[in-house]
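S.K.: I'd like to ask you about the structure that follows.
Where a number appears in this text, it was derived from the coordinates with a stated rule and is not lab data. Note that this is a predicted model, so its numbers are computed, not measured. Cβ placement follows ideal geometry from the backbone for every residue including glycine, while neighbour counts extend to all protein chains displayed.
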Amino acid sequence: MGIIRLEVDDVLFLKKAHPCGSHEWKVARIGVDIGIRCLRCGRFVMVPRRKLEGKIRRINRRGVSLLPHESMLEV
C-alpha cells in the first residue's frame, strides 16, 4: 500500500466538481491535511490526505500529466 506523492503547486483534477463548476485545484500546503485552492473561484480548503487521494483523477506537475498510480510512493 502506498500514498500519492504530492508537491506544492501541483494541479489536481478531481472527480467531483466544486460548486463553482471547476474540477481543478492547486496544492498550496502539504501535511496530514492537504491545503488546496480552487483555480476558478480561489476558495481554499484543507482536506485530509486519505480523503483527497481517493478523489484525484489526474495530477499536472510542471506541465506533465500523471495518473495517481504513477505518483505513488510505497510505504
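S.K.: Let me see the pair-distance distribution of the range 27-75: every alpha carbon pair, 10 Å bin width, integer percents in order.
M.R.: 22, 56, 21, 1
S.K.: Taking Cα pairs under 8 Å and at least six residues apart, what relative contact order does the chain come out at, in percent?
M.R.: It rounds to 36 percent for the chain.
S.K.: Which residues' amide hydrogens lie under 5 Å from the amide hydrogen of residue 6, considering only partners 5 or more residues apart or on another chain, with H built in the peptide plane?
M.R.: Long-range HN contacts for residue 6: none found.
S.K.: With the dipole of the chain worked out from charges on the C-beta (+1 for Lys and Arg, -1 for Asp and Glu) around the Cα centre, which of 71, 34, 14 lies farthest toward the positive end?
M.R.: 14
S.K.: For the chain, which longest stretch is free of loop sites, where a loop site is one of the trypsin sites (Lys or Arg not before Pro) that DSSP puts outside H, G, I, E and B and that has at most 10 other Cβ atoms within 10 Å? Please list the in-between numbers first.
M.R.: Values: sites that count: 15, 16, 62.
Here the longest segment lacking exposed loop sites spans 17-61.
S.K.: So which GluC sites (Glu not before Pro) in the chain end up in coil per DSSP with only 14 or fewer other C-beta atoms within 10 Å? It would help to have the intermediate numbers written out before the result.
M.R.: Numbers: sites: 7, 24, 53, 70, 74; in loops: 7.
In loop regions of the chain (DSSP not H, G, I, E or B), the sparsely surrounded GluC sites (Glu not before Pro) are 7.
S.K.: Nothing charged except the Cβ atoms of Lys and Arg (+1) and of Asp and Glu (-1): what's the magnitude of the dipole of the chain about its Cα centre? Round to the nearest 20 debye. Don't skip to the answer; put the middle values down first.
M.R.: On the way: 16 positive and 8 negative charges, 64 e Å.
It works out to roughly 300 debye.
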